[in-house]
Each structure stands twice: as structure tokens, then as C-alpha cells.
Amino acid sequence: MAKTIQAIRGMNDLLPEQSPAWQYVEGVLRDVAAAYTYQEIRMPVLESTDLFKRSIGEVTDIVEKEMYTFDDRNGDSLTLRPEGTASCVRAGNEHGLLYNQTQRLWYMGPMFRHERPQKGRYRQFHQFGIEAFGMPGPDIDAEVILLSARLWQAFGISEQVELQLNSLASNEARARYREALREFLRAHEEQLDEDSKRRLDTNVLRVLDSKSPETQQVLENAPKLSDYWDDESRAHFEGLTQRLDAAGIKYVLNERLVRGLDYYNRTVFEWVTTELGAQGTVCAGGRYDGLVEQLGGKATPAVGFAMGIERLVLLLESQNKIPTSQVVDVYVLALNESAELKAPAVAEKLRDQFAGLKVQLHSGSQNMKKKLAKADKSGAEYAIIIRDNDFELKHLRNRDKDDLIITDFAQLESVFQTTNSK
């Protein structure tokens, strides 16, 4: 017997019983994005490796450890996209969508990172992302955060997530703070974890994000980034918080929130939850005003966020917020061999007359007892038994209701009205 082939570790199949939850989540994401007039953009999953090195940063964990990178037959270095923002900017630059324009865009699809698979975190994972270009003020920062807040409202989980905010200020202010932080940490280097020691020379701001309790204790007395904000960055952040206050959006200021990618400036934010065990991020983003120019375009302000769909589905399932989905509404079967010839036509007419009705036609020759058992197992509300000159409607989920002998499809109007409106 040939050896069976299994999926690559960390890259999972989405099985039929799981897909209704994903379809529900994706539908809500699309609807809310449309309510804010964001338009869909679809980018390829394979890009030039240089795109991510230039955008994410060569000394980030993603580029150093996690990217799926290989040389193709022409010797070009290609990478499966580890995130969506860089690809979205590349597409905007390439197709002339960004310069002197405003764009509100969204995307959804698979991303790839070679990291240790765990619950809610996989090597092939899926993200929903929002990107807004050409608007420099705090008003658009507020809009993307309000959009994300409306998602939680639509999913019914507003109480299970917390918004954390910070500002990374301007490049100049951040450079001054970076030097002050490095100087402080050098004086306490022996107390830092190994990753933080390595980041002192490569990406010192990421030390603020360390998971080491010892390092976090050292950071209690570290300089604060807000002490180095320039006036313009402070005014921008205050403009954002004033708008959030006016809209009734609660938030927590977190001065150690820096995000893991090099391209962020000014506003950064995360929505976090404790409903999945340890505190976890379900949505994150911020402003990245320099990235368009960094990738070859004209200077263009930009802000956005991304969320992992796997983690979102887990959160919704933990709160019982995934609505049940009826796979089959009506199961059609034939009483005898002559009626079997009419059954497909009846099933087609049901689909024509009642848009949205999910109709399953029995396949295979079996006795009536087995056919009805299959109808029951399908989960259908009703079974329609085709006879020679008419058909019989059986209530599978409510046995107390009388079966109906039907000769005219108009008789089904009231019966299927509720089912058809789901």
C-alpha cells in the first residue's frame, strides 16, 4: 500500500463542517468594510523577496527567521508573502493608485511564516487587512479604529477585547528616544534576556515588547517614548484620542506598544483579549507614512490594520458567537423507480421558485426506510417524496405537524417562507 501524504505541518485543511464559520466571518468583514466605502484589492501570494526586506526590515524576526524564501529557475529570490501591507503598497505604486489620491482598500487571504505552530497561529494563516492612503490627519486614524470597533460590535464581542494605543512619533523623535533607551539598557545589560541583548544593536525598540519578566522589570524605570514626542506628533495623537473619546471608544495607553515591523510611525494600536488563554492580539495596526516612498513611490501618508482570521474564529467560537448554519433545507427523494425520473426536475423547480433554498436530491437506489433515514441525517427541515402524480411534504424536524399532499408549488409558498428568509 502506498504511503499516505499529509498536509505540511502548520498548513491546515478547512473541512466542510468548519467552512460555515469562516463564511460567516468573511461575510461580516466584507459588509463592514463596504459600510465604510473600502474597496477590495487582491494581491499575489508570491512577491520579490526584496519587497519584504525593504519594508518589514532585515533585522526583524519575520525576515531573519520566518519567511518562506527560495530562488526560482531564473535565479530570482521570491517569498511567500508574510503580511499584506507591503504587497498592497507595491500594487498601489505599480498601478498608479496612490500619488495625489486617496484610497480606502481592504484585502483578505493567506499569509505564510515559518514559526512554531500552535493554537490560533499557523505557518499558513489568513488575514483581513484595511489600508487607507493619502490622508495625513488623525481623522483617518480614528476611522480605521472605529471600523475595527464596529467589527467587534457586529460579532458581539465588544466586551471581550481591549484597545491599546501608543504613538511612535516622528522618525526624528524616535531616533532620539532609541539612543536614550539603548544607553539605559546598556547599563542593565546583564539583567536582559538573550533576545533583548541581541536587539540592543539591531532593533532596540523591540526590547519594549520582550516577554521576559526580568526584562520587563528593568523597563519599569526606562525612559518613556512620550517624553521624546515632538509637538506635531503630540498634536496628532491628541487629535486621535479626542475623536475616539467623542465616539465613546474606550482605550488604554500602552507606552511599550511598538509593533514588530520597521515601517510604523506615529499611531500604533492593538486590540487584545484574554479569552484565548494568555493575553493575545486579535487585530493590530498603525500609521506608516514613509513606506510608499521607501518602496519607490511618491511620499504618501498611510494607515491600516490586519487581523488573523484563525484567531478571530477561535475567539468567536469560545464565546458561542458563530451562528448555526443549515446545510440542507429540503431533501428530495422518489417513492418508486418511475418517480425517480421526475425527481431532478422537481428539485430544479424548487431551486428556481424559492431563491436561496438549499435542496439536496437523494442519490442511489435504496428502500424508502433508508432514504428517509438519510433525509433525517442530512439535517433538513423537510423531505419531499416524489410520487407518480403528486408529491408529499414531510416535516422532519417537527413530527407533530401533518404531512401534506402537494399538487401545486403555490401550496409551498407559506411553508417555505420562513426557511427562504434565513
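The values are calculated or read from the model by the stated rules, or taken from the named source; none is laboratory data. Treat the numbers as computed from the prediction; the structure is a model and nothing was measured. FYI the Cβ positions are ideal-geometry reconstructions off the backbone, even for glycines, and counts take in every protein chain you see. Note: areas computed on protein heavy atoms with side chains; ligands, DNA, RNA excluded. Shrake-Rupley method; radii C 1.70, N 1.55, O 1.52, S 1.80 Å.
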In degrees from 0 to 90, rounded to the nearest 10, what is the angle of the helix 368-378 Cα long axis to the longest principal axis of the chain? 20 degrees
Just order 247-259, 164-176 by mean Cβ neighbour count inside 10 Å, highest at the front, would you? 164-176, 247-259
In whole percent, and with a 1.4 Å probe on the protein chains, what portion of the accessible area of the chain is carbon and sulfur? 46 percent
For Lys65, list the lysines whose Cα falls under 19 Å from its own Cα; do not include residues on the same chain fewer than 8 positions away. Lys53, Lys197, Lys211
Taking a ≥ b ≥ c as the square roots of the eigenvalues of the Cα gyration tensor, with a/c under 1.5 meaning rounded and otherwise prolate when a/b exceeds b/c and oblate if not, region 1-119 is oblate
Mean-square fluctuation check for the chain, GNM, Cα pairs under 10 Å: which of Asn320, Asn336, Asn100 is largest? Asn336
Kindly rank 360-369, 198-207 from highest to lowest mean number of other beta carbons found within 10 Å of each residue. 198-207, 360-369
Quote the charge dipole size of the chain about the Cα centre in Debye, to the nearest 20; the model charges only the Cβ of Lys and Arg (+1) and of Asp and Glu (-1). 980 debye
Using Cα centres only, tell me the gap between region 40-104 and region 231-245 in whole Å. 31 Å
Taking a probe of 1.4 Å and leaving out DNA, RNA and ligands, the chain shows per residue an accessible area in Å² of 51 Å²
Would you mind checking the tilt of helix 309-318 against the longest principal axis of the Cα atoms of the chain, expressed as 0 to 90 degrees and rounded to 10? 70 degrees
Once you've got the Cα coordinates, tell me which of Lys374/Lys401; Lys358/Lys394; Lys369/Lys394; Lys342/Lys371; Lys342/Lys401; Lys358/Lys401 are over 18 Å apart. Lys374/Lys401; Lys342/Lys401; Lys358/Lys401
When DSSP assigns beta bridges and you keep just the ones with both residues in the chain, what percent turn out antiparallel, to the nearest 5? 80 percent
Long-range amide H partners of Phe391, meaning residues 5 or more apart or on another chain whose placed amide H is closer than 5 Å, are Ile406
Cross-link reach from Lys349 to aspartates and glutamates, straight Cα distance under 12 Å and at least 8 residues apart if same chain, gives Asp408
In degrees between 0 and 90, to the nearest 10, how far off the longest principal axis of the chain does helix 343-353 point, with axes built from Cα atoms? 50 degrees
Ordering 102-108, 293-299 by per-residue average of other C-beta atoms within 10 angstrom, highest first, gives 102-108, 293-299
If I model a spin label as a point 7 Å beyond the Cα along the Cα-Cβ vector, how far apart are those points for Ser365 and Leu335 in nm? 2.0 nm
How high is the relative contact order of the chain, in percent, with contacts defined as C-alpha pairs under 8 Å that are six or more residues apart? 15 percent
